[in-house]
Each structure stands twice: as structure tokens, then as C-alpha cells.
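Heads up: the structure comes next, in C-alpha cells.
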Amino acid sequence: MKITIDDSSVYCYTNSRNIDSSKPSIVFIHGSGMDHTVWTLAARHFARHGNNVIAVDLPGHGRSTGAPLQSIPSMADWLEKVLDALEVEAAAVVGHSLGSLIALDFSARHAKRARALAMVGTIVPMPVSGAILDACKNNDHAAFDMLTQYGLSKRHQYGGNRSSGIWMVGSSLRLYERSQPGALYFDMNACNEYQNGLESASTVECPVLMVLGSEDRLTPLRGTGPLQEAFHQPEVSVIQGAGHTLMMEAPNALLDALHRVL
């Protein structure tokens with residue numbers, strides 16, 4: 001489904017269905033340099049369980065046109081415009097990495113529009129190393145290599161996949177390689193500069209779920225304590241053996257976890 005926001009075309013994957021106002025809605029937000037396809041399995045699953053699903057391509061990503069947005073708050077405000085255009089009053093928001101920060105900021109500042117929040121592969125603050133930022137800024141393929149290496153657990157870099165016929169390392173690299181030049185830098189820099197996350201978390205009123213990988217090296221489990229403490233009684237699900245890219249590494253375990261709030 002394509003809609004128009006701020007004179008730009010926005011692609012929303014809806015499992016080929018129109019929005020039904022009688023059903024609950026779930027919005028899925030991808031991570032840095034990615035697109036809606038990372039949420040295909042989850043979106044199809046929840047669509048078949050009686051929900052409207054809306055997996056967005058952020059501006060300048062995937063099939064959405066326009067320039068990439070450069071801050072988490074601007075992305076959260078853009079998300080509200082998406083809901084307005086689709087005539088969705090409130091939705092559960094699910095985000096991975098960058099998307100988790102967008103979902104957090106949206107749930108804090110647009111509280112009446114968020115009925116549940118699920119943050120996947122997350123940490124607050126979310127600092128990005130200088131080496132990765134420099135590579136992203138220079139459109140250096142090394143950025144894709146580093147994010148793929150650290151985004152997958154060591155176990156999942158040896159080949160094999162729970163989804164037949166898919167190579168995790170190759171899939172991750174191809175996903176980054178098809179991103180628009182500059183998009184990955186703006187995304188990673190937005191993560192690095194977002195400093196209001198803990199304050200925002202303390203104001204979130206809807207049910208909250210954090211899904212974390214025990215082997216995550218980009219947003220390590222050991223650093224998530226402050227965020228867990230900032231929320232009011234969040235659900236926390238730790239997937240053993242999984243790294244940062246949970247949608248690829250542990251798809252079924254992730255779906256089981258998401259059902260706790262969706």
C-alpha cells in the first residue's frame with residue numbers, strides 16, 4: 001500500500017489487505033539502513049491472527065521516496081502522520097534497533113496513539129562507534145561488513161538458518177547494500193544523538209515489552225538495565241543464543257515473545 005506524506009510516497013506493507021477499523025492495528029518499524037522486509041514474517045503472522053499490520057518503509061528507505069529523516073523525534077512525528085493518513089486512531093508499535101527508539105519516542109510523546117510498545121534489539125542510550133559512523137558517512141562498504149559481523153551472533157555467522165534457503169550473512173549484506181546512499185549514516189547518527197530515551201521511557205503509559213538477544217553485541221544485554229528500570233514494570237524477554245538481528249536469528253522465539261503484548 002502506498003500513501004502520501006509531506007509530498008513523498010510512503011510504502012506500507014499490509015499483507016495485501018486494507019485497513020479494517022474493527023481490528024486492532026500493529027505498526028512495525030525497521031532498523032538502520034533496512035526496510036519493511038525484515039518484518040515480513042511477523043507482519044504476516046499477526047495479520048492472520050486478526051490484526052491490521054503496517055510495516056513501514058521510513059523516508060528514503062525501501063520503496064518510500066523522499067530524503068531520510070535525521071532525528072528520532074522527527075521520525076516519531078512522521079509515524080503519527082502515517083497513522084493519520086491510514087485513519088488509525090491507535091496502534092501497537094513494534095520497532096527494531098533504530099525502530100525501537102522511534103517506537104519509544106512515539107509512545108512517550110503521542111501516548112494516546114500507542115496501545116502497546118515492543119522494543120526489539122534495543123538499548124538506551126544507543127551509542128554508535130566512531131569507526132562505524134565514519135564508514136557510514138563515507139558510504140564505505142566496511143559499514144555494511146561491520147554491522148553484519150556484529151549484528152549477528154557468532155553462532156549464526158557459520159551458515160544455516162531456521163528459515164530454509166536463507167543465508168543470514170548474505171541476506172544482511174544485501175539488505176544494507178540496497179539502501180539509499182547516506183540513509184544508513186543518518187539513521188545511525190540519529191541513534192547516536194538521541195539522549196532523551198530514559199526520560200521518555202519513564203513517561204510511557206502503555207504495556208511495554210523488551211525483546212533482547214543474549215549474544216547481542218550492538219545493543220548488549222548487560223547495558224539494558226537503565227532502560228528496564230526507567231519503564232513501569234516492563235515485560236522482558238531474553239532470547240538465548242540470539243544476537244542483534246532477532247528477526248533472522250530467532251523468528252519463532254520472537255513471535256512467541258511479541259504475543260505477550262500484542
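Every read-out reported here was derived from the displayed coordinates using simple, explicitly stated rules and does not represent laboratory data. Being a predicted model, the structure only gives us computed values, none of them experimental. Backbone-built Cβ (ideal geometry, glycine too); neighbour counts: all protein chains shown.
Of all residues in the stretch 221-242, count the ones that are of a type in the set (Gly, Ala, Ser), touching a residue at least 40 places away in the same chain (Cβ under 8 Å) and farther than 17 Å from Ser107 by Cβ. Spell out the reasoning first.
Quick first cut of the stretch 221-242, residues of a type in the set (Gly, Ala, Ser) only: 223, 225, 230, 237, 241-242.
Now drop any that are not touching a residue at least 40 places away in the same chain (Cβ under 8 Å), which leaves 223, 230, 241-242.
Filter once more, so that each one left must be farther than 17 Å from Ser107 by Cβ: 223, 241-242.
Qualifying residue count for the region: 3.
Checking the condition over 22 Å from Leu147 (Cα atoms), β-branched (Val, Ile, Thr), touching a residue at least 60 places away in the same chain (Cβ under 8 Å) and surrounded by 20 or more Cβ atoms within 10 Å (Cβ to Cβ), which residue from Ile26, Ile19 passes?
Numbers: Ile19 fails: surrounded by 20 or more Cβ atoms within 10 Å (Cβ to Cβ).
Every option except Ile26 fails the conditions.
Can you say whether Arg113 is over 17 Å from the mean Cα position of the chain (by Cα), within 30 Å of Thr203 (Cβ to Cβ) and of a type in the set (Lys, Arg), as far as the supplied structure shows?
Numbers: over 17 Å from the mean Cα position of the chain (by Cα): yes; within 30 Å of Thr203 (Cβ to Cβ): yes; of a type in the set (Lys, Arg): yes.
Here the answer is yes, as Arg113 does meet what is asked.
Among the numbered criteria (1) within 15 Å of Phe106 (Cα to Cα); (2) among the β-branched types (Val, Ile, Thr); (3) surrounded by fewer than 22 Cβ atoms within 10 Å (Cβ to Cβ), which single criterion is violated by Val56?
Unmet condition: (3).
Residues that are among the small types (Gly, Ala, Ser), at least 2 per element: which helices (runs of 4 or more DSSP H) completely within the stretch 220-262 meet that? Quick ask: steps written out before the conclusion?
Numbers: elements: 225-230, 246-249, 251-258.
The helices (runs of 4 or more DSSP H) meeting that bar are 225-230, 251-258.
Given (1) surrounded by 16 or more Cβ atoms within 10 Å (Cβ to Cβ); (2) among the hydroxyl-bearing types (Ser, Thr, Tyr); (3) within 24 Å of Val238 (Cα to Cα), identify the lone condition not met by Ser179.
(3)
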